[in-house]
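Contents: one structure, followed by commentary.
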Amino acid sequence: MADQNALEHDEPLLVAKSLSKSYGRIAACRDVSFSLYPGEVLAIVGESGSGKSTLLQLLSGQLAASGGHVSYQMRDGVTRDLATLGEAERRFLFRTDWGFVHQDPAQGLRMAVSAGANVGERLMAVGWNHYGRIRDTASDWLTRVEIDVARIDDAPRTYSGGMRQRLQIARNLVTEPRLVFMDEPTGGLDVSVQARLLDLLRSLVAELNLAVIIVTHDLAVARLLSHRVMVMKGGRVIETGLTDQVLDDPREPYTQLLVSSILPP
Amino acid sequence: MTAMIDITDAKKTFTMHLQGGIELPVVSGVTFHVDPGECVVLSGPSGAGKSSILKMIFGNYRCDSGRIGIRHRGEVIDLATAEPRQVLNVRRATIGYVSQFLRAVPRVATVDVVAEPLIVNGMARADAQARAGELLHRLNIPERLWQLPPATFSGGEQQRVNIARGFISELPILLLDEPTASLDAANRAVVVELIGEKKRQGVAMVAIVHDDEIRHLIADRIVDVTSFAAAA
């Protein structure tokens, strides 16, 4: 049919096949398969303990899978199995083509060095060495995430929670990654700060055509940011589809429970 | 002439797992088509399934069975079985949906909310904003409000912003869910005019309107949804 031909031309950026992870007898993640395309935002939703954070770690190669594999199309167009990458290659991927936004910005930032250095460090890691250019690019990114450039020399420990999270985002995006993993990026923030951050993320993701895998227990976040949703329960994906389809017309009992638990605005 | 929308025997039932798994049949045997330049109005009492049918055509509700044929970039795609990515493509290039309520994104200025569908399809921001301005002007949204986010507007103003956003794009299919519900006579007349213009451009439309006078003005054909009442 119409688009299937067109769709075959672009290849998935990341493919997960039958991913599983067990801790002894406990299966944290069972038989998860999906494809993620460039520019696509996938939300993984489910309650605490459903396996969504484990899945994120498996997908980003931070945790070795007990079964199955993840392949990724590298910038040179070659698709590689993540398990076959050397440690240096994997770290390079993390510094360049991938981003990882943690719920707690202290995990993704260096809290004692300046904001400018936090952003510039990723550029230096990919070979930038001109101080003026690094500083200009860092200033530019602080502006894009709505941080006053006058604060560029301050360390993030002097920043508010919302500013830290925006700085973490700038640090991740400065190398123009194609894929960003996010683990509850709005988790610890006030509601008003959350709205601003979501709005910022939404426009950056569209502008940069980023592919994103975002773990959240907040269905409103999934609705605002994602194209597709996977609902997890007990380590399994129990329902998947277009975000508005899954949220407006949930089929599985557990998904119906999740959706019905949202308080009306 | 080839239909833009061709629905055959579509069926929708809700299974309410939290209410002991009761089955709520919504519609079944939904069959009709819409040609380019035609406005089909769905009629029937509240609860007959009109909005559900619109949502099925938009890919928002899933079908249990049947076919939702949509002419997308010259070929027919079945939305009932399409992949999420295909549905998104169809929404970007083919089907627009004007819902009853504006789902506003916080902090985004009204003029940008309206211009967004054009920008997404590649129009330069300034041109898209100019077009948005023209539409907002026609729909009597005062210029001093254009730079504000619509979240604080009155219900009628929000609906007009929503209509502007729906009508700005040049998509070949438009779904209208009570586009005139909370509007005054002057603004209702503007919407009727906009629908007339879309027809002349060959846009296929499916609408839900409760107002008899508006229905009379816009409908080329009426499809009675009660004939699709699902057998309980």
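The values are calculated or read from the model by the stated rules, or taken from the named source; none is laboratory data. Being a predicted model, the structure only gives us computed values, none of them experimental. Note: ideal-geometry Cβ built from the backbone for every residue, glycine included; neighbour counts use all protein chains shown.
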Any idea which of B:ILE57, B:ILE70, B:ILE7 is under 20 Å from B:ARG221 (Cα atoms), of a type in the set (A, V, I, L, M) and part of a helix (DSSP H, G or I)? B:ILE57
With a cut-off of at least 1 residues that are closer than 21 Å to A:ASP190 by Cβ, name the strands (runs of 3 or more DSSP E) lying wholly within segment A:64-173. A:98-101
Which members of segment A:211-232 meet the condition of being within 13 Å of chain B (Cβ to nearest Cβ) and not in a helix (DSSP H, G or I)? A:ALA211, A:SER226, A:HIS227, A:ARG228, A:VAL229, A:MET230
Is it true that some residue in segment B:138-154 is within 29 Å of B:SER43 (Cα to Cα) and buried (at least 21 other Cβ atoms within 10 Å of the Cβ)? yes
Can you list residue pairs whose Cβ atoms sit under 6 Å apart, with the first residue in segment B:57-70 being facing chain A (nearest Cβ under 9 Å) and the second being among the charged types (D, E, K, R)? Count only pairs 6 or more apart in sequence or on different chains. B:ASN60/A:ASP244; B:ASN60/A:ASP248; B:TYR61/A:ASP249; B:TYR61/B:LYS55; B:ARG62/A:ASP249
Filter segment A:237-265 for residues that are more than 10 Å from every other protein chain (Cβ to nearest Cβ) and touching a Ser or Thr at 6+ places or on another chain (Cβ under 9 Å); the one that is surrounded by the fewest Cβ atoms within 10 Å (Cβ to Cβ) is A:ILE238
Only one of A:GLY86, A:GLY108 is away from chain B (no Cβ under 14 Å), surrounded by fewer than 18 Cβ atoms within 10 Å (Cβ to Cβ) and either over 26 Å from A:LEU242 (Cβ atoms) or in contact with a Cys (Cβ under 7 Å, 6 or more places away or on another chain) (or both). Can you tell me which? A:GLY86
Considering each residue of segment A:181-204, count those that are crowded, with 20+ Cβ neighbours inside 10 Å and β-branched (Val, Ile, Thr), and give that number. 1
Among the residues in segment B:76-97, are any more than 12 Å from every other protein chain (Cβ to nearest Cβ) and in a loop (DSSP other than H, G, I, E, B)? no
May I ask you to list the residues in segment B:128-164 that are in a helix (DSSP H, G or I), touching a residue at least 12 places away in the same chain (Cβ under 8 Å) and either touching a strand residue (DSSP E or B) at 6+ places or on another chain (Cβ under 8 Å) or of a type in the set (A, V, I, L, M) (or both)? B:ALA128, B:ALA132, B:LEU135, B:LEU136, B:LEU145, B:ALA151, B:VAL161, B:ASN162, B:ILE163, B:ALA164
Among the residues in segment B:25-46, are any facing chain A (nearest Cβ under 9 Å) and not hydrophobic (A, V, I, L, M, F, W, C)? no
Note: among A:ASP81, A:ASP76, A:ASP10, just one is within 14 Å of another protein chain (Cβ to nearest Cβ) and surrounded by fewer than 18 Cβ atoms within 10 Å (Cβ to Cβ), namely A:ASP10
Meets criteria (free of Cβ contacts under 8 Å to residues at least 60 places away in the same chain and either in a strand (DSSP E or B) or surrounded by fewer than 17 Cβ atoms within 10 Å (Cβ to Cβ) (or both)) for A:SER35: yes
Go through the residues of segment B:102-115 one by one and say whether even a single one is on the phi > 0 side of the Ramachandran plot, basic (Lys, Arg) and within 11 Å of chain A (Cβ to nearest Cβ). yes
With respect to B:ALA207, determine if the residue is under 22 Å from B:MET4 (Cβ atoms), at pLDDT 95 or above, of a type in the set (A, V, I, L, M, F, W, C) and surrounded by 14 or more Cβ atoms within 10 Å (Cβ to Cβ). yes
Any idea which residue in segment A:140-174 is nearest to A:THR96 (Cα to Cα), counting only those that are buried (at least 18 other Cβ atoms within 10 Å of the Cβ) and of a type in the set (S, T, N, Q)? A:ASN172
Check on B:VAL98, crowded, with 19+ Cβ neighbours inside 10 Å, within 27 Å of B:TRP146 (Cβ to Cβ) and in contact with a Phe, Trp or Tyr (Cβ under 8 Å, 6 or more places away or on another chain): yes
